[in-house]
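The values are calculated or read from the model by the stated rules, or taken from the named source; none is laboratory data. Just so it is clear, the model here is predicted, and its values are computed rather than measured. Backbone-built Cβ (ideal geometry, glycine too); neighbour counts: all protein chains shown.
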Amino acid sequence: MGSAIAVRRFLRRRQAFYTRPLVFCCEVDGFTDNAVSVSVSLAKRLADLSPGMRSLRVEQCLNDVLRDLPDGVVIRNIDVLFNTAYKIDVLSVLLSAYRKHHFDLIWPGRYEDGELVYAEEGYPDYRSFDIARYDLTCIY
């Protein structure tokens, strides 16, 4: 389902032609310049919950943060979602939130061989996502 395109091809086609969330794996002038950090707002909402409830309410907290932002915003700094205590599929949570509030995202890792990678192998928060399993478009 997911796809990846080079930034130069993206710039030729422009954002209007994409109906899925865009995951930017690089900075793109005019699109990622004014990205909004969600880390502090999201962390505050999660901190108000008991540790046992956080995994269950991550998506709701993300939706609450997004509701305060304009539709079509580009977000960044989602690292709090990768907390190993939260037993979640980060991309699934993001895509579920996208259905309620359209946004694009600056990926806090890298794109490599059809996968979005977060952190480095050997670290507890390391994650790798095969984009073919997710309905999104990666811009690298």
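Listing for the model above:
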read-out: Some residue of segment 45-58 being hydroxyl-bearing (Ser, Thr, Tyr) and crowded, with 16+ Cβ neighbours inside 10 Å; value: no
read-out: Criterion: touching a helix residue (DSSP H, G or I) at 6+ places or on another chain (Cβ under 6 Å) and not charged (D, E, K, R) - qualifying residue of Asn34, Asn83, Asn63; value: Asn63
read-out: Val117 being without any contact (Cβ under 8 Å) to a residue 40 or more places away in the chain, out of contact with any helix residue (DSSP H, G or I) (no Cβ under 9 Å at 6 or more places or on another chain), outside any loop (DSSP other than H, G, I, E, B) and under 19 Å from Cys26 (Cβ atoms); value: yes
read-out: Selected residue (criterion: modelled with the highest pLDDT) from residues of segment 21-52 that are over 11 Å from Leu105 (Cα atoms) and touching a Phe, Trp or Tyr at 6+ places or on another chain (Cβ under 9 Å); value: Leu46
read-out: Residue satisfying condition, being part of a helix (DSSP H, G or I), surrounded by 18 or more Cβ atoms within 10 Å (Cβ to Cβ) and in contact with a strand residue (DSSP E or B) (Cβ under 8 Å, 6 or more places away or on another chain), within set Leu42, Leu62, Leu94, Leu105; value: Leu94
read-out: Candidates Val58, Val73 - the one that is among the β-branched types (Val, Ile, Thr) and in contact with a helix residue (DSSP H, G or I) (Cβ under 7 Å, 6 or more places away or on another chain); value: Val58
read-out: Of all residues making up segment 120-136, the number that are of a type outside the set (Asp, Glu), surrounded by 13 or more Cβ atoms within 10 Å (Cβ to Cβ) and in a loop (DSSP other than H, G, I, E, B); value: 3
read-out: Any hit, segment 60-82, residues being farther than 16 Å from Arg45 by Cα, among the acidic types (Asp, Glu) and at pLDDT below 95; value: yes
